[in-house]
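A quick write-up on the structure given underneath.
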Amino acid sequence: MSSTHSLLLIKPDGVERQLQQAVVEAAEEAGLTVVCRHRLLLGEEEIVRAWADTRRSEHPLEHLSLDFWYGGRPMEVLLVRGPDAFTRANRAKSVVRAAYRLGPFGNVVHAPDHTGEFELQLSVFAGDCPTCAGTLSTHFGDYGDVPQAYPPGALLPAAWRDIERLRELAQPMWEDPASCFWRPTYPQPYRSGESAGAQDHAVYIAASPNQLSFDNLVGAMLTALPGIAFPHALELIVSALHHQDFTLAVGTLAECERYRDALMAQGLNTPVRTLAQDAVRRREQIRTGATVGTSGAAAA
Ligand SMILES: [Zn+2]
């Protein structure tokens, strides 16, 4: 068992900003010893294996963001050792992020949460490093049987599980986040085209819905909000991952209660409030630029 080992992955933005030493120091201050440190370059095949706990065929959006963030960009991996290594490595991660994070795609460093994730990722990150490979106790074979990180959820429609089609749609968002989901006033919430009555209520996400993958979150939106367009559902979910209490849909009380029930059945925490409360909340978001500090697996 490698319970006394963990790893810190210095992401491409951390390497570009030369924050390696800051990560090393945070690890040491957390009581960990850096046992090995080496450069890392991941291609698509390596990403598929290192995140085999989030199967690419079922979670193409998760993998697309991994491709965007990590694919072909220099990173470094630190193998660390110490008591409670997972807790301490995550503490070091939090310290570094608090000091250096730059928005949703610049959070510098990653640390696994448990032994399974550590073994899986290090089995790929080790590359041909004998020190890193020497700490592993699991053999993953063809990576087909890796236990999945997320509980089963609504998949994207088959037509949208084509990662190249998703890439075409999502690339502009990823390359220029400020153009869309980084503004509190955009995208506009979903509204039914067949609404009967005053649309004076709203459904919002009350907490960062991190227990579901991007794909399951978007799948839940497509299931719960009749006729919503796929790009709109995607923009709303990516926005919700980066803003507190993000408004997903507006409608009559009865409509919003239906949306809420359908979304909650998929695992989202989505209460209803009045539009007046919603407007106050949005003004507050615009004033403070309030964001939540977390997003899906890629930022974990
Ligand atoms: Zn190594």
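The values are calculated or read from the model by the stated rules, or taken from the named source; none is laboratory data. Everything numeric in this text was worked out from a predicted model, so none of it was measured. Cβ sites come from the backbone with ideal geometry, for glycine too, and all protein chains shown count toward neighbours.
I need the full set of residues from the range 121-169 which are among the aliphatic types (A, V, I, L, M), touching a Lys or Arg at 6+ places or on another chain (Cβ under 8 Å) and outside any loop (DSSP other than H, G, I, E, B), in order please.
Matches in the range 121-169: 124, 159, 163.
Under 8 Å by Cβ, and 6 or more places apart or on different chains, what pairs join a residue from the range 35-51 that is without any contact (Cβ under 8 Å) to a residue 60 or more places away in the chain with one that is of a type in the set (Asp, Glu)?
37/76; 39/76; 44/67; 47/67
Any residue at all in the range 93-109 that is within 16 Å of the ligand (Cβ to nearest atom) and of a type outside the set (Ser, Thr, Tyr)?
No, because not a single residue in the range 93-109 is within 16 Å of the ligand (Cβ to nearest atom) and of a type outside the set (Ser, Thr, Tyr).
Please list, ordered by first then second residue, the pairs with beta carbon atoms under 6 Å, 6 or more apart or interchain, first in the range 74-101 and assigned to a helix (DSSP H, G or I), second hydroxyl-bearing (Ser, Thr, Tyr) and at pLDDT 95 or above.
Listed pairs, sorted by first residue: 85/6; 86/6; 89/6.
Please determine whether any residue of the range 185-196 is in a loop (DSSP other than H, G, I, E, B), at pLDDT 90 or above and surrounded by 14 or more Cβ atoms within 10 Å (Cβ to Cβ).
Looking through the range 185-196, at least one residue is in a loop (DSSP other than H, G, I, E, B), at pLDDT 90 or above and surrounded by 14 or more Cβ atoms within 10 Å (Cβ to Cβ).
Among the residues in the range 1-11, are any assigned to a helix (DSSP H, G or I) and within 30 Å of residue 145 (Cα to Cα)?
Kept after step one, since they are assigned to a helix (DSSP H, G or I), are these residues of the range 1-11: none.
For the range 1-11, residues assigned to a helix (DSSP H, G or I) and within 30 Å of residue 145 (Cα to Cα): absent.
Out of the residues in the range 112-153 that are away from the ligand (no atom under 16 Å from the Cβ) and at positive phi, which is nearest to the chain's Cα centre (by Cα)?
For the range 112-153, the residue satisfying everything is 143.
Condition check: in the same structural domain as residue 169 (by TED's automatic domain parsing), touching a helix residue (DSSP H, G or I) at 6+ places or on another chain (Cβ under 7 Å) and over 26 Å from residue 170 (Cβ atoms). Does residue 218 satisfy that?
When the stated conditions are applied, residue 218 does not pass them.
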